[in-house]
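J.: Have a look at the structure that comes next, please.
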Amino acid sequence: MDILHDDLVILDWRDLAACADHDPDMFFPAGETGPAADQIRFAKRVCATCDVQDECLTYAIETNQASGIWGGLTEDERRPVRRRWLSERRRRHAS
């Protein structure tokens, strides 16, 4: 999807992602407790400032990203979102 930003056409939403300026490992915590909990909070704070948070979450749902923080959600938080998305998709294709 092309995105117009300051009179430039951005060919990929990831070019505008707030996380692009941070260590990618911070968005892929190992677990949910201890230092990983700090990473999750950090990643979610970055995501909350991101102009392409919705595109990021959509990408994660559509491509079934199994790990990491995408669009401000952990893998556990994305699971029910993906189930709803799959259910709606099946319903649309059955019509």
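The values are calculated or read from the model by the stated rules, or taken from the named source; none is laboratory data. Note that this is a predicted model, so its numbers are computed, not measured. Backbone-built Cβ (ideal geometry, glycine too); neighbour counts: all protein chains shown.
J.: Hey, can you tell me all the residues within the stretch 42-70 that are of a type in the set (V, I, T) and either buried (at least 16 other Cβ atoms within 10 Å of the Cβ) or in contact (Cβ under 8 Å) with a residue 24 or more places away in the chain (or both)?
T.: Across the stretch 42-70, the qualifying residues are V46, T49, V52, T58, I61, I69.
J.: Another question about this same structure. When the stretch 53-89 is examined, which residues are found to be within 18 Å of D23 (Cα to Cα) and part of a loop (DSSP other than H, G, I, E, B)?
T.: Going through the stretch 53-89, the residues within 18 Å of D23 (Cα to Cα) turn out to be 53, 56, 67-74.
S67, G68, I69, G71, G72, T74, listed by residue number.
J.: If only one of R92, R41, R45 is at pLDDT below 95 and in a helix (DSSP H, G or I), which one is it? Step through it out loud before you land on a result.
T.: On the way: R41 fails: at pLDDT below 95; R45 fails: at pLDDT below 95.
Sole residue among the options that is at pLDDT below 95 and in a helix (DSSP H, G or I): R92.
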